1. Does Ala255 count as more than 22 Å from Gly336 (Cβ to Cβ), at pLDDT 95 or above, touching a helix residue (DSSP H, G or I) at 6+ places or on another chain (Cβ under 9 Å) and among the hydrophobic types (A, V, I, L, M, F, W, C)?
2. Any chance segment 40-47 includes a residue that's under 30 Å from Asp151 (Cβ atoms), open to solvent by less than 30 Å² (accessible area, probe 1.4 Å) and in contact with a helix residue (DSSP H, G or I) (Cβ under 9 Å, 6 or more places away or on another chain)?
3. Among the residues that make up segment 15-33, is at least one of them part of a loop (DSSP other than H, G, I, E, B), crowded, with 17+ Cβ neighbours inside 10 Å and touching a residue at least 40 places away in the same chain (Cβ under 8 Å)?
4. Only one of these is on the phi < 0 side of the Ramachandran plot, touching a strand residue (DSSP E or B) at 6+ places or on another chain (Cβ under 6 Å) and modelled with pLDDT of 95 or more: Glu222, Glu250. Name it.
5. Residues that are open to solvent by 10 Å² or more (accessible area, probe 1.4 Å), over 30 Å from Ala88 (Cβ atoms) and among the acidic types (Asp, Glu): does segment 304-318 have at least one?
6. Confirm whether Leu65 is within 14 Å of Arg32 (Cβ to Cβ), buried (at least 17 other Cβ atoms within 10 Å of the Cβ) and either in contact (Cβ under 8 Å) with a residue 60 or more places away in the chain or not acidic (Asp, Glu) (or both).
7. From Trp314, Trp339, which residue is under 17 Å from the mean Cα position of the chain (by Cα), modelled with pLDDT of 95 or more and under 17 Å from Pro199 (Cβ atoms)?
8. So in segment 138-159, with the set limited to residues that are in contact (Cβ under 8 Å) with a residue 12 or more places away in the chain and not in a helix (DSSP H, G or I), which one is farthest from Ala88 (Cα to Cα)?
Amino acid sequence: MGVKLTPAIVSDAVSARSGGKAFLAEALRDARTRSLSQFAACEAALGPGLRVPCASELNLPLWELGHVGWFADWWLARNPQRHLGVNARPDAARSPARQATRGVDADALYNSSEVPHDARWRLDLPDAQAVRDDLAASLRDTLALLADAPDDDTGLYFFRLALFHEDMHAEAAVYMAQTLGFDPQNPHPVAPATPQRPPSLEICATDWTLGHSGPGFAFDNELGAHGVQVGAFEIDAQPVTWAQYLPFVENGSYAQRRFWGAPGWIWRLSQERQAPRHLRQGPQGWEQQVFGGWRPLDLAAPASHLTAFEAQAWCAWAGRRLPTEAEWEVAAQDPGFGWGRVWEWTASAFAPFPGFVAHPYLDYSAPWFDGRPVLKGASHATSARMRHPKYRNYFSPERNDIFSGFRSVSA
């Protein structure tokens, strides 16, 4: 499932952040096609009830689909200040939701800032066809507004935000399919495996700028460009593979306290497994569960579905460490650095850059400045539009439902 980040993919990411209205119109249609295809796969796998367990790593597929359309409407069709971009007031009075004509309070159903996660299982959600109809109307409104929008970064800000938001939910749908064991019918094909690379890269000391500056779209947590000094280091040219990770497992290291930090050991004691999620030993060796089916483990593939704790423990066992966010970005400039195959845990905490100011979608970053790690890169489920070296992903360290791995640095 490895991918090489080709110039075409980089171009897609740059276009999504700085491209004009024609690019955005096509991208919004493409994102919606993917969302609907994945929802159809959920219906086929789960049946008309579309029920899934109430778990922190899952959402109801029907709620997810409704939320995607609601989000676009909230920030575009219903937002009187959409033309102001990041200067829009998040609490500006909204026009009524289109669902109100059916007696449905869309804000009470789909506003993720107001509806707690577990409460979503108790909601009286509209049926699938009603939600599809709402999404079709939402997309028509979005495209009509886009046609009349100012063709600059401010005028296009919320269109880009809605696009990336839908792409994120599409990737989450692939996580859910893997967790529940069904084929997500992902219409974005997986690219060929990366070519052979040197095992490691020697990176010289340098001054580096963390954060985004200049034109184009940026998430609020990426802004606040500032210089940092990065010392010389040696880093893996690709994420740690199963061939490298499995000796740690086979040597019984999951039961050895000395390799685990205190939070990691607490996590380990809460788990029954002695190996990573979705792995088992079969008659012919290690096997991996992929969308519900078991197959021989590809030892050359990046180790995946690992928590930050497992990544840290392997590094302690191997006498290495995780890279910092700055080290990862510096190394990513080297042509021998392969990324985009799994999200990669780093040693850096997800924290605001200097001068942080929250964008109108207040809940995107600020609530999560809680010490969780930054992940860099992308996974095979990530839309090409989202693959950007400055992008900062952030999951809590115990998450292993995501396609997450790591690479290491000399200690």
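The values are calculated or read from the model by the stated rules, or taken from the named source; none is laboratory data. All values reported here derive from a predicted model rather than from experimental measurement. FYI the Cβ positions are ideal-geometry reconstructions off the backbone, even for glycines, and counts take in every protein chain you see. We work out accessible area using only protein heavy atoms, side chains counted, and drop any ligands, DNA or RNA first. Shrake-Rupley method; radii C 1.70, N 1.55, O 1.52, S 1.80 Å.
1. yes
2. Within segment 40-47 (the criterion being under 30 Å from Asp151 (Cβ atoms), open to solvent by less than 30 Å² (accessible area, probe 1.4 Å) and in contact with a helix residue (DSSP H, G or I) (Cβ under 9 Å, 6 or more places away or on another chain)), the answer is no, since none of the residues qualifies.
3. No, the conditions are met nowhere in segment 15-33.
4. Glu222 is the lone residue from the list that is on the phi < 0 side of the Ramachandran plot, touching a strand residue (DSSP E or B) at 6+ places or on another chain (Cβ under 6 Å) and modelled with pLDDT of 95 or more.
5. no
6. The answer is yes for Leu65.
7. Exactly one residue qualifies, and that residue is Trp339.
8. By that ranking, first place goes to Asp151.
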